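Coordinate-derived values only; no laboratory data. None of the values given here were measured: they were computed from a predicted structure. Cβ atoms come from the backbone with ideal geometry, glycine included; neighbour counts cover every protein chain shown.
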C-alpha cells in the first residue's frame, strides 16, 4: 500500500521508492510541501515482533536513549502546550493532562501530542503519553460525535526514547492510521504506561496495555477540538493486538462510559507463551524473552529480575533499558536461553505462570472481533492464532477470522487494510450487519 500524502525526497540519493524498510529509511516529505526533518521512521517491520518502530530514537547505530520529559514537562514549544491543571496524583482515568498541536500533518488531518491519565494496576493513576488525530475542523461533526479508533502499536522497546510519540517526525509511526482519519474518524494512539513517561513499561502485560488503549479514547473525547464521541473500535498490531484484545476484554467493567463497537487484532501477540516458544528458536529469540520477563517484573515488584539473569543477561537488560528493540535484538543474536537466564522462563516460576495469565486476559467475551493473520507470518504463527480464535469462540465472542495466504508479519498491515476499513465502517454503522462469525461454522472451518 502506498501513501498519497507522502512522496520520496528527490534530493535523497537513498530514495528507492519503497515505503517499507528494514531499519533504514530514505528521507521523505509530507505532501504539504514541508520536508520531514531527518529520517522518517516509516512502518518498519522490526525483525520479529515488530511494529511501527520509531527509529530516530533507537537509531541504526544504536545511540543511547535520550532523556524524556515527564508528564509535567512541556513537550515541544512550551508556549503552545496547553495544561489542564490536573495531576497524575489527582484525577480519573482518561483525564487529559496536556495537549499540544503537532505541525506538518497530512492535508485534512489535525494532530496533537497528549499526556493523559490511566490506571495500569490497582487504584493509582499514572501519566501516559500519546497522539490524537482528527479530521479537519471544517468537516462537520456528526450527531453524537465522531467515532474513535484507539490504536495500539507493536514492539518498540522499553526505554522512554522508544515511545512512538517521540519519533521524528512525530507522525511517522501513525501513517497506517491516516486513512481512518480521512474516513472521518478520530484516532487515538497510546504509547502505553511507562513508555515515554515516568515508570517502567510493563511490556507484553495485557491489562495495563488494554487500559491505556481505553483511556486514550477517553482522552481523545476530552480534547473537545476533536469532536470525539463515545463509540470506539480498538485496533492493535502485534504487541498492540494483545493490547486491543485486552481493551475489549476489560471495557465493560473498566470503561462502561465507552461504547465498544468492535476489536481489531492484526497479527496479535495473544498467546504470549506459545509465541515466545516459537520466537526463541530464532537467532534473536532471547531478546523477546528478556523483554517479556522485564515486562512481568515491571508489573510485579516481587520479581527481582536480576536474580534470574546471568552476566550476559544483565548486559542485555542494560541495552533494553537504554536503547530500543532493534538494538536489543541485534545484541541478542546467537545468545541462548541458558547463557542469559539462570532458569527457563517458559517453564519455571515466576515467569511461566505470568506468561500464561496474559493469554487468559485476552481470550474472554468481548465485542465482535476481527482477527487478521498472515499465513507466512514467522513471528505470530498461524497455528497460534488459530488457537486464540478457538478460545475466543469458546468464550462466546463473535470472531471474524481472515487469513492472507501471501502475507507475513510485515506485510499483513497493507494486505489487510482494505478489509479493516470496511469492517470498521460496518461496526460504526447505525445498524451494524451481522459479523461473519467463524465461531458459528463447523470445527473444520476454523482450521
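Arrange the peptides 370-381, 390-401 so that the one whose residues have, on average, the most other Cβ atoms within 10 Å appears first.
Top to bottom by mean Cβ count within 10 Å: 370-381, 390-401.
Is the stretch 210-289 best put as rounded, prolate or oblate by its Cα gyration tensor, with a ≥ b ≥ c the root eigenvalues, rounded for a/c under 1.5, and otherwise prolate when a/b is larger than b/c, oblate when not?
prolate
For the pair residue 257/residue 277, report the inter-label distance in nm, with labels modelled 7 Å from Cα in the Cβ direction.
Each label point is offset 7 Å from its Cα along the Cβ direction, giving 4.2 nm.
Per-residue counts of other Cβ atoms within 10 Å, averaged by peptide: what ranking do you get for 256-268, 307-319, 188-200, 113-125, highest first?
Ranked by mean Cβ neighbours within 10 Å, highest first: 188-200, 256-268, 113-125, 307-319.
Starting from 0.36 nm per residue, how many nanometres of slack lie between residue 304 and residue 425 once their C-alpha separation is accounted for? Write down the numbers at each step before the final one.
Working: separation 121, 0.36 × 121 = 43.56 nm, distance 4.60 nm.
Separation in residues times 0.36 nm, less the Cα-Cα distance, equals 39.0 nm.
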